[in-house]
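Q: This structure is in structure tokens; I'll ask about it shortly.
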Amino acid sequence: MSERDTLFDDANGHLAVGEMEEAIVLYRRCVALDPAFFDGWHALGMALLKTGEVKEAIGCGLQAVTLRPNDLLAWTGLSQMYVRDGNIPEAETAKGNARILSLGGKVVRE
């Protein structure tokens, strides 16, 4: 198992028991080691959202949808982040992309 994967597993363990700050530190290390690690960006964004770090969460959410533009959960998470930020137009756009994907469509043709 790679260092990144070990850190990710450890971060998920902290998340599972409610240790958000510890999880965030480890998720940050994951994406520092591998900037193309979708799961790390998505998890970091959701953990940051739970701790109220909404602006940074949105940045992570945007990175996640950039890496996987056809990922339903990434768009759903990004929509939640925008709602929390009060940016309803962007939240609706992200929600629309999630809806397209939920119906079997594609946001970006691969």
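Q: Name the pairs whose Cβ atoms lie under 7 Å apart, with the first residue in the stretch 39-54 and surrounded by 19 or more Cβ atoms within 10 Å (Cβ to Cβ), the second among the polar types (S, T, N, Q), and 6 or more positions between them or separate chains?
A: Within 7 Å, the pairs are Trp41/Gln63; Leu49/Gln80.
Q: Go through the stretch 84-98 and give me each residue that's part of a helix (DSSP H, G or I) and either touching a Pro at 6+ places or on another chain (Cβ under 6 Å) or not polar (S, T, N, Q) (or both). Lay out the reasoning, then the answer.
A: Kept after step one, since they are part of a helix (DSSP H, G or I), are these residues of the stretch 84-98: 84-85, 88-98.
Of everything in the stretch 84-98, those that are part of a helix (DSSP H, G or I) and either touching a Pro at 6+ places or on another chain (Cβ under 6 Å) or not polar (S, T, N, Q) (or both) turn out to be Arg84, Asp85, Ile88, Pro89, Glu90, Ala91, Glu92, Ala94, Lys95, Gly96, Ala98.
Q: Continuing with this model, one more query. Just checking, how many residues over the stretch 1-12 are open to solvent by 70 Å² or more (accessible area, probe 1.4 Å) and not in a loop (DSSP other than H, G, I, E, B)?
A: First pass over the stretch 1-12, keeping only residues open to solvent by 70 Å² or more (accessible area, probe 1.4 Å): 1, 3, 9-10.
Going one step further and asking which of them are not in a loop (DSSP other than H, G, I, E, B), we end up with 3, 9-10.
Count: 3.
One line per residue, one yes/no per condition, for (1) of a type in the set (Ser, Thr, Tyr); (2) in contact with a His (Cβ under 7 Å, 6 or more places away or on another chain); (3) under 20 Å from Val107 (Cα atoms); (4) part of a helix (DSSP H, G or I):
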position	(1), (2), (3), (4)
His14	no, no, no, yes
Gly18	no, no, no, no
Ala23	no, yes, no, yes
Cys30	no, no, no, yes
Gly45	no, no, no, yes
Gly61	no, no, yes, yes
Asn70	no, no, yes, no
Tyr82	yes, no, yes, yes
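Q: Which condition breaks for Leu103 when tested against (1) surrounded by 13 or more Cβ atoms within 10 Å (Cβ to Cβ); (2) farther than 17 Å from Ala47 by Cβ; (3) not β-branched (Val, Ile, Thr)?
A: (1)
The values are calculated or read from the model by the stated rules, or taken from the named source; none is laboratory data. Small disclaimer: the values here were computed from a predicted structure and weren't measured. Here Cβ is always computed from backbone atoms with ideal geometry, including for glycine, and neighbour counts include all displayed protein chains. The accessibility values were calculated without ligands, DNA or RNA, using every heavy atom of the protein model including side chains. Shrake-Rupley method; radii C 1.70, N 1.55, O 1.52, S 1.80 Å.
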